[in-house]
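The values are calculated or read from the model by the stated rules, or taken from the named source; none is laboratory data. These numbers come from a predicted model, not from an experiment. As a convention, Cβ positions derive from the backbone with ideal geometry for all residues, glycine included, and neighbour counts pool all protein chains shown. Calculation scope for accessible area: heavy atoms of the full protein, side chains included, ligands and nucleic acids excluded. Shrake-Rupley method; radii C 1.70, N 1.55, O 1.52, S 1.80 Å.
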Amino acid sequence: MRLVLLGPPGAGKGTQAVRIAKAFGLLHLSSGDILRAERKAKTELGRKAQDYMDRGVLVPDDLILSMMMDHIARPGAAQGALLDGFPRTVAQAEGLDTRLAARGWKLDAVVNMEVDDADVTRRLTGRWSCPQDGRIYHEQFSPPARKGICDDCGAQLTRRKDDEPTVVRQRLETYHAETEPLVAYYRGRSILKSVDAGGSVDQVTAAIKEACRGL
Ligand code: AP5
């Protein structure tokens, strides 16, 4: 099965992707996490992506498409993949369709996580993440047992630079201008499944599982 989680920054894509990938036995591929790993490793791709990410705008489509297809084509993803944060433009979606079709594959569903801008802003400005294992926390909605410390590995939690309020505003603008048109794109292909992502983490997981039942 090949699924996409679509939604604004802070919709909870990363939080839900971990749960849904586990439930359906899929490999979780997050374009944002892959880009951050490239930056950490100081690769050429990481250096090229850095400025776009820090400004809250999209990394060019050609870089993203080749990076993501490289991961999608790896043996670990052959049984199924959950794409988180990709595609993010109509050009990326068209490129993905073409490249999947060349392998005899297709997307089974695109889950559109609907949350309003005020909620996602609250979520992003309270987010903390573990730099070691990637676990995501929120200071109010899903805090760690000990403030600032990862429950799983004991590492010191960090904040993402692009969660600073002015960058969050830019990311939301970018989402509405460049990513939201994908809702119509996938509705037109009859694979869009919209879920209310404004509830609790458990409620949203249940809604996504329900939307994907029978795939
Ligand atoms: P990326 O890392 O993909 O960021 P994003 O899409 O903006 O999404 P986030 O990771 O910020 O949020 P999320 O939806 O995963 O929410 P989370 O689960 O963490 O991209 C970063 C940058 O990389 C982009 O700006 C761009 O420059 C570049 N990039 C990436 N992909 C690209 C592409 N395809 N093309 C071009 N450029 C690309 O949750 C957020 C917070 O809310 C957490 O604190 C969490 O605990 C909390 N929370 C989650 N669910 C709930 C809930 N139900 N109730 C209450 N709190 C909740």
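Amide hydrogen proximity for Arg2: with H placed 1.01 Å from N in the peptide plane, the residues at 5 or more positions away or on another chain lying under 5 Å are Ala81, Asp108, Ala109. Taking the Cα centroid of the stretch 164-215 and of the stretch 22-66, what is the distance between the two, rounded to the nearest whole Å? Here the answer is 19 Å between Cα centres.
Computed with a 1.4 Å probe over protein heavy atoms only, the accessible surface of the stretch 2-212 comes to 50 Å² per residue.
May I ask for the net charge around Arg160, where only other residues with Cβ less than 9 Å from the Cβ of Arg160 are counted and Lys, Arg are +1 while Asp, Glu are -1? With Lys, Arg at +1 and Asp, Glu at -1, the neighbours total +1. Straight-distance candidates among the lysines for linking to Lys193, with alpha-carbon spacing under 29 Å and chain neighbours fewer than 8 residues away dropped: Lys13, Lys22, Lys106, Lys209. With a/c under 1.5 counting as rounded, go ahead and sort the stretch 110-173 into rounded, prolate or oblate using the C-alpha gyration tensor (a ≥ b ≥ c being the square roots of the eigenvalues; past the cut-off, prolate if a/b is larger than b/c, else oblate). It is prolate, given that a/c is not under 1.5 and a/b is the larger ratio.
Modelled spin-label separation between Arg146 and Lys48, with each label point placed 7 Å from Cα along the Cα-to-Cβ direction: 4.2 nm. Taking 4.7 Å between C-beta atoms as the pairing limit, the chain has these partnerless cysteines: Cys153, Cys212.
Ignoring lysines fewer than eight residues from Lys40 along the same chain, the ones with Cα atoms less than 18 angstrom from its Cα are Lys48, Lys161. If both residues of a DSSP beta bridge must be in the stretch 2-212, then about 25% of such bridges are antiparallel. What the phi angles of the stretch 89-105 give under the Karplus curve with 6.51, -1.76 and 1.60, with θ = phi - 60°, is a coupling list of 9, 5, 4, 5, 5, 5, x, 5, 4, 5, 6, 5, 4, 4, 9, x, 10 Hz, glycine and proline written as x.
Modelled label positions at Ala91 and Val57, each set 7 Å beyond Cα in the direction of Cβ, lie 1.3 nm from each other. Which of Pro144, Pro165, Pro75 moves the most in a Gaussian network model of the chain with Cα springs under 10 Å? Sorting by GNM fluctuation, first place goes to Pro75. Listed values for the stretch 63-70 are Karplus-derived 3J(HN,Hα) couplings in whole Hz (6.51 cos²θ - 1.76 cosθ + 1.60, θ = phi - 60°), namely 5, 5, 4, 5, 4, 6, 5, 4, and x replaces Gly and Pro. Over all other residues within a Cβ to Cβ distance under 9 Å of Ile191, the charged ones net out to +3, with Lys and Arg as +1 and Asp and Glu as -1.
Stretching the chain fully between His176 and Asp33 yields a gain of 49.3 nm (0.36 nm per residue, less the alpha carbon separation). Secondary-structure-derived ellipticity at 222 nm for the chain, considering helices only, amounts to -14000 deg cm²/dmol, per-run term -39500 (n - 2.57) for DSSP H runs with n ≥ 4. Close amide H pairs (under 5 Å, H built 1.01 Å from N) link Ser194 with Asn112, residues at least 5 positions away or on another chain. Within the shell of other residues whose beta carbon sits under 12 angstrom from the beta carbon of Ala211, the net charge comes to -1, with Lys and Arg scored +1 and Asp and Glu -1. In sequence order, the stretch 194-210 has phi-based couplings of 8, 10, 6, 9, x, x, 6, 4, 5, 4, 5, 4, 4, 5, 5, 4, 4 Hz under the Karplus curve 6.51 cos²θ - 1.76 cosθ + 1.60, θ = phi - 60°, and Gly or Pro positions carry x.
Checking the a/c ratio against 1.5 first, then a/b against b/c, what shape does the Cα gyration tensor give for the chain? Since a/c stays below 1.5, the shape of the chain is classed as rounded. Assuming R0 = 35 Å, can you tell me the calculated FRET efficiency for the pair Arg213 and Arg169, based on Cβ-Cβ distance, to the nearest 0.05? The formula returns an efficiency of 0.45 here.
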